[in-house]
Amino acid sequence: MSIHELNAPYEQDPTYQMAVKQLRDVAELIGLSAEVVEVLRHPEKLIQVRVVVKLDDGRLATFIGWRSQHNSALGPYKGGIRYHSNSTAGETVALSMWMTWKNSLAGLPYGGGKGAVRVDPKKLSIRELEELSRKYFAAIAKEVGPDLDIPAPDIYTNPQVMAWFLDEYSKISGYNAWGVVTAKPPILGGLKAREISTGYGVALVAREASKRALGGFDERTVAVQGFGNVGSYAALYSAQWGARVVAVSDSQGGIYDPKGLDIVKAIEVKSKTGSVINYEGAKRISNEDLLELGVDILIPAAVENVIREDNATRVKAKIISEGANGPTTPEADKILYDKGVIVIPDVLANAGGVAMSWIEWSHNRMGCILTDEEALSRLDKLMTQNFHRVYDEWQRKYLDKPMRTAAYAIAVDRVVQAMKLRGWI
Ligand code: GLU
């Protein structure tokens, strides 16, 4: 039986379908055969585990988790692990496919992978979270490793969770395996600059795109949806580099001040009270309103599928820098392109995190120490070069399509070339 006849259980997932649609569009453009698309639209391996945690009150709770290893033609699988109550196998597969393209586009020696546990981590105590993290990682330990699959944080996971992963893996493997995860706490081989790196890169590409398309970044207005790790640093660096951040939001809602927000204050308010909505002196707005503000630059840095067919026509920004993975649907992409909006795709815009992960990992492997300044300057160079390379290629060859198409064409082609050289296809 050929794979065409197999119906993988994740195929109905809308995020997965969106990733496949993007792949099919680019395949047509660069002339990939249906067979190669069939190979690329599935992960090489999808691991599913059940994790049983003994809760503080003595009850048992069972959680389901996945690790999707999409493609390893360019190197070990690489990508984060998220803890989210809406996670599904299909979403995890889609995210792992996007990691393949992201790592390829950034020229990193990695394939793509992604993991998830379906859990609301906010409902767990620290001890419960530690038990969940250790048991999940123990369950996938045979399938990961510094040369095999290197996880990192994603939504609601952080350096502390990476420390538990590292420790669990080191116990099982019998050695200190620094290279098995990235974004570790600095004292355990991580880099302090990793924390800011994704948001830094998202702001950096917005800045570079503004220079090319809007004549500069100074005083350009910016709205940021999502104020977690990515959104907060994207807002902070945008402000630091001269733009005016007029709106930010988190899951509870948003704030707007046309004169510009004090981002340091917003970060403080968020960490003290749990939400930016408690920032005083700004107008309260909803997450939906934020996307439709009359700003120059919009940074969706929360979750998938927020800019869709039904609201894309109302987006007024001239540039969108995708901090989140998959915030714009393919239908919305087309509408935005027709309106002349430049969408810097996620695989390009938010690659700063995984690029910094690579800097950390390569130094771990050599046993070297790197200062934060050195790490950040290397990231800056990599992201800047990468952005202009893709932008130029877009202008030169694919201007009749969204920038995402140019990014995908470069990324998918590199993976396919590696697969051919290895004799896989
Ligand atoms: N989770 C991040 C992403 O989606 C980072 C992955 C990594 O550092 O491996 O790109």
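Just so you know, all these numbers are worked out from the coordinates, no wet-lab data involved. These figures come from a predicted structure and were not determined experimentally. Methodologically, a virtual Cβ is constructed for each residue, glycine included, from the backbone with ideal geometry; neighbour enumeration extends over all protein chains shown.
Here are the numbers:
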| item | result |
| --- | --- |
| Global geometry of the chain, whether rounded, prolate or oblate, following the gyration tensor of its Cα atoms and the 1.5 cut on a/c | rounded |
| Bridge type composition, segment 216-301 - antiparallel percent by DSSP, nearest 5 | 45 percent |
| Karplus-derived 3J(HN,Hα), 6.51/-1.76/1.60, for each residue of segment 267-284, Hz, glycine and proline x | 5, 5, 4, 4, 6, 7, 10, x, 8, 5, 5, 8, 5, 8, x, 10, 7, 7 |
| Inter-part distance where segment 150-190 and segment 283-310 are each reduced to a Cα centre, Å | 34 Å |
| Positive-end extreme of charge dipole, the chain - chosen from L32, Y169, G79 (charges on Cβ) | Y169 |
| Segment 231-246 and segment 316-388: distance between their alpha carbon centers, rounded to Å | 16 Å |
| Cut-off under 5 Å, modelled amide H: who pairs with G79 long-range | G113, I150, A152 |
| Relative contact order for segment 81-193, counting Cα pairs under 8 Å that sit 6 or more residues apart, in percent | 25 percent |
| Largest-first principal axis extents, alpha carbons of segment 80-236, Å | 55, 36, 35 |
| Antiparallel %, DSSP beta bridges [both residues in the chain], to 5 | 50 percent |
| DSSP-loop GluC sites (Glu not before Pro) across segment 174-269, with at most 10 other Cβ within 10 angstrom | E219 |
| Proportion of all alpha-carbon pairs of segment 47-113 beyond 16 Å (%) | 52 percent |
| Two-decimal Rg/Rh across segment 1-138, once Rg and the Kirkwood Rh are taken from alpha-carbon atoms | 1.05 |
| Cut-off under 5 Å, modelled amide H: who pairs with D250 long-range | G226, V276 |
| Burial ranking of peptide ranges 46-53, 343-350, 322-329 (average Cβ count within 10 Å, highest at the top) | 343-350, 322-329, 46-53 |
| Least to most buried among W394, W66 (fewest other Cβ within 10 Å first) | W394, W66 |
| Neighbour-count order for Y200, Y408, Y175, fewest beta carbons within 10 angstrom listed first | Y175, Y200, Y408 |
| Burial ranking of peptide ranges 68-75, 227-234, 125-132 (average Cβ count within 10 Å, highest at the top) | 227-234, 68-75, 125-132 |
| Distance in nm between pseudo-label sites at I425 and K272 (7 Å out along the Cβ direction from Cα) | 5.4 nm |
| From phi via Karplus (6.51, -1.76, 1.60), per-residue ³J(HN,Hα) for segment 323-337 in Hz, x at Gly/Pro | x, 7, 8, x, x, 10, 6, x, 5, 5, 3, 5, 4, 5, 4 |
| Coordinate range along principal axes, alpha carbons of segment 304-404, Å, largest first | 51, 29, 19 |
| Percentage relative contact order, segment 2-110, counting C-alpha pairs under 8 Å, at least six apart | 29 percent |
| Helical contribution to [θ] at 222 nm, DSSP H n ≥ 4, -39,500 (n - 2.57), averaged over the chain, rounded to 500 | -14500 deg cm²/dmol |
| Mean Cα-pair separation over length for the chain, i.e. relative contact order, pairs under 8 Å, 6 or more apart, % | 15 percent |
| Around A94: net Lys/Arg minus Asp/Glu count, Cβ-Cβ under 9 Å | -2 |
